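I have placed the structure first, in the form of structure tokens, so that the comments after it can refer back to it.
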Amino acid sequence: MNRVGRFLPRCLRQGSAHETTAGRGQNLRRSDKGAAKNLPTLQFPVSRFRRLGYIVIGEIMSEGGRTNRKDPGDGRKRSMERHIDLPAIEQAVRQILAAVGEDPQREGLLRTPGRVARMYAELLGGLHEDPGRHLEVVFTERYDEMVVLRDITFNSMCEHHLLPFIGKAHVAYLPSGKVVGISKLARVVDVMARRPQVQERLTSQIADLLMEKLDAQGVGVILEANHTCMTVRGVRKPGAVMVTSAMRGLFKKNLATRTEAINLMIGRRNG
């Protein structure tokens, strides 16, 4: 009896004590080639099927036998493009190319307007997202010490020249009974950054949102970034780093608390 035949009867005797696929219309697919591709929807523990080499539909199998989940970024890109007028951007790019003396119909430039339009949809997609939604789920914890997430890479678009500035964000907050999943802090930075910005405003917006949504005792945000608007043009000073900070609550009122937060975020470089 093959592996499928041995396992199915045990599943039918297990009942529904574990996570099951009943009522969800999910089928199972074996990761081994040559096995039955679709099994009937039954009352069985999905976790045991996974341990025995099966994958639940929704986990897409690659040629190497691994499972690849659908990239959530694909859906986000489609949502951005629905809110942004791609044809208008393409037309504007053709006009710019013609205005600088290029031929928009030249082979190497034919698809450039479309690429640039999709690029702007991606880089400025945060305009059409609510960063606060990433802070809606919080957890009650009796923890009253600092939470710090540092070296969050980000890229934003300088609203003065529409050139990127790229850097790292360091975020700290002092909970007052509520904590948030740590990845949500990075998501907030990402959404806030993907829009026309100036670094000073971006820093304050992140701090204000965290203070509001987490009802924190204090929040501190430090951004460090290289601005291409002053490295590839104008004054042309590559390597120059702009640093901005925003302190809220106890981080602003209490010197000792602020000093501790700054040391945890960036002080390691000095010692």
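Within the range 165-271, which strands (runs of 3 or more DSSP E) (wholly inside it) include 1 or more residues that are among the basic types (Lys, Arg) and assigned by TED's automatic domain parsing to the domain that holds residue 153?
Because the criterion is at least 1 residues that are among the basic types (Lys, Arg) and assigned by TED's automatic domain parsing to the domain that holds residue 153, the strands (runs of 3 or more DSSP E) in the range 165-271 that meet it are 178-180, 242-249.
Going by what's in this entry, would residue 171 be described as among the β-branched types (Val, Ile, Thr), crowded, with 18+ Cβ neighbours inside 10 Å and touching a Lys or Arg at 6+ places or on another chain (Cβ under 8 Å)?
Yes; evaluated as a whole, the condition is true for this residue.
With at pLDDT 95 or above, among the basic types (Lys, Arg) and under 23 Å from residue 260 (Cβ atoms) as the only criterion, which of 94, 118, 106, 150 stands out?
Among 94, 118, 106, 150, only 150 is at pLDDT 95 or above, among the basic types (Lys, Arg) and under 23 Å from residue 260 (Cβ atoms).
Name the pairs: first residue in the range 83-110 and closer than 25 Å to residue 127 by Cα, second residue charged (D, E, K, R) and assigned to a loop (DSSP other than H, G, I, E, B), Cβ to Cβ under 9 Å, at least 6 apart or on different chains?
Pairs that qualify, where the first residue is closer than 25 Å to residue 127 by Cα and the partner is charged (D, E, K, R) and assigned to a loop (DSSP other than H, G, I, E, B), are 96/102.
Give 223, 209 a once-over and let me know the one that is surrounded by 23 or more Cβ atoms within 10 Å (Cβ to Cβ) and not small (Gly, Ala, Ser).
223
Among the residues of the range 133-168, write down those that are surrounded by 13 or more Cβ atoms within 10 Å (Cβ to Cβ) and polar (S, T, N, Q).
Selection gives 155, 156.
Given the residues 243, 221, which is the only one that is under 21 Å from the mean Cα position of the chain (by Cα) and closer than 25 Å to residue 182 by Cβ?
Answer to the check: 221.
Could you tell me which numbered condition residue 187 fails, if it satisfies all but one of (1) exposed (fewer than 15 other Cβ atoms within 10 Å of the Cβ); (2) under 20 Å from residue 125 (Cα atoms)?
Tallying (1) exposed (fewer than 15 other Cβ atoms within 10 Å of the Cβ); (2) under 20 Å from residue 125 (Cα atoms), residue 187 fails exactly one: (1).
For the range 246-271, which residues satisfy the criterion of being charged (D, E, K, R) and more than 27 Å from the chain's Cα centre (by Cα)?
252, 253, 258, 260
The values are calculated or read from the model by the stated rules, or taken from the named source; none is laboratory data. Treat the numbers as computed from the prediction; the structure is a model and nothing was measured. Virtual Cβ from ideal backbone geometry, glycine too; neighbours counted across all protein chains shown.
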